[in-house]
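Colleague: Dropping a structure here in structure tokens format, bear with me for questions.
The values are calculated or read from the model by the stated rules, or taken from the named source; none is laboratory data. Because the structure is predicted, anything quoted here is derived from the model rather than measured. Cβ atoms come from the backbone with ideal geometry, glycine included; neighbour counts cover every protein chain shown. Protein only, heavy atoms only, side chains kept; ligands, DNA and RNA dropped before computing areas. Shrake-Rupley method; radii C 1.70, N 1.55, O 1.52, S 1.80 Å.
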Amino acid sequence: MRLVLLGPPGAGKGTQARHLVERFGAPLIATGDIFRSNVAEGTELGRLAKAYLDAGELVPDEVTIGMVMQAIDQAPGGFVLDGFPRNIRQAEALEAELGARNAPLSAALAFLVDEETAVKRIAGRRTCADCQRPYNVFFDPPRAEGVCDACGGPLLQRTDEDEPTVRRRLEVYRESTAPLLKFYSDRGLLREVDAEGTEAEVTERVLSALADLA
Ligand code: AMP
């Protein structure tokens, strides 16, 4: 299984990715997570990426493509990619690199969601600092405010989740990433799921959209 997840911030890709990883046993490669952990650890990559993340802009392609291919080469059994590709240039690079490895994509799964739903999902989002479990204060709150149900860790809001940055991220999605739906549709790889509704409803749609790839 070599899968790409597409959709605006707030579409629920990260949440559903956890179910896909469990179902298909392929590792998750989430570029946003890789950048954030590099920022937290103060690596050279993190220092380079931080200003882009804080502004809601894309990290330069040269940096991002190399980072992703390194992760893919450590996942010979396949992968679930969340957050990459984010523009046509990244998609073309991925296609060429996978072609050279004789390991083409199985599918690109697009999450379709209303923009205002997406904004609410992001503004309400909190993540456990210790185990990274995600919550949403509107749709999926923790039992105790600010505390992770699973491990008791503190729940944090991402620094790029204030409203102006979220609006900018959605704009970047519309301009740079949305054209990838046509890119993958032209290649017969696109599958679309309605990403409105509860986490369980979306999971069911996601799994049935990919049932033939199991
Ligand atoms: P995400 O967690 O996927 O929403 O990503 C958070 C931020 O990481 C984005 O707003 C970008 O600044 C950066 N980022 C993640 N994936 C990519 C990518 N494929 N290309 C460039 N920047 C990215």
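Colleague: Treating only the Cβ of Lys, Arg, Asp and Glu as charged (+1, +1, -1, -1), what charge dipole size does region 94-165 show about its Cα centre? Round to the nearest 20 debye.
Modeller: Values: 8 positive and 13 negative charges, 63 e Å.
Around 300 debye, computed over region 94-165.
Colleague: Where nothing but the Cβ of Lys and Arg (+1) and of Asp and Glu (-1) is charged, how large is the charge dipole of the chain around its Cα centre, in debye to the nearest 20? All intermediate terms of the calculation are to be shown ahead of the outcome.
Modeller: Numbers: 25 positive and 34 negative charges, 39 e Å.
The dipole magnitude comes to about 180 debye.
Colleague: Residues of region 65-89 with amide nitrogen under 15 Å from the 7 Å Cα-to-Cβ point of E44?
Modeller: 66-67
Colleague: How big is the antiparallel share of DSSP beta bridges in the chain, given as a percent to the nearest 5?
Modeller: 30 percent
Colleague: Among R47, R169, R86, R23, what's the order by accessible area (1.4 angstrom probe), most exposed first? Can you show the working numbers first?
Modeller: Details: R47 165, R169 30, R86 90, R23 120 Å².
Of R47, R169, R86, R23, the descending order of accessible area is R47, R23, R86, R169.
Colleague: Please list D160, D149, D186 in order of solvent-accessible area, largest first, computed with a 1.4 Å probe with all protein chains present. Kindly include the intermediate steps, with their values, before the conclusion.
Modeller: Numbers: D160 15, D149 45, D186 100 Å².
Descending order: D186, D149, D160.
Colleague: Cross-link partners among lysines for K120, C-alpha distance below 20 Å, same-chain residues fewer than 8 apart left out?
Modeller: Result set, ordered by chain and number: K13.
Colleague: Mind checking the full-extension length gain between D61 and R143? Use 0.36 nm per residue of separation minus the Cα-Cα distance, one decimal, nm.
Modeller: Values: separation 82, 0.36 × 82 = 29.52 nm, distance 4.03 nm.
So the chain would gain 25.5 nm between D61 and R143.
Colleague: Quick one: net charge of G56's neighbours, Cβ under 9 Å, K/R +1, D/E -1? Walk me through the numbers before you get to the answer.
Modeller: Working: positive: R167, R168, R169; negative: D54, E57, D160, E171.
Net local charge, G56 excluded: -1.
Colleague: Moving on to the next point. Compare the peptides 8-17, 138-147 by average per-residue count of other Cβ atoms within 10 angstrom and give them in order, highest first.
Modeller: Values: 8-17: 23.8, 138-147: 12.3.
By packing density, highest mean first, the sequence is 8-17, 138-147.
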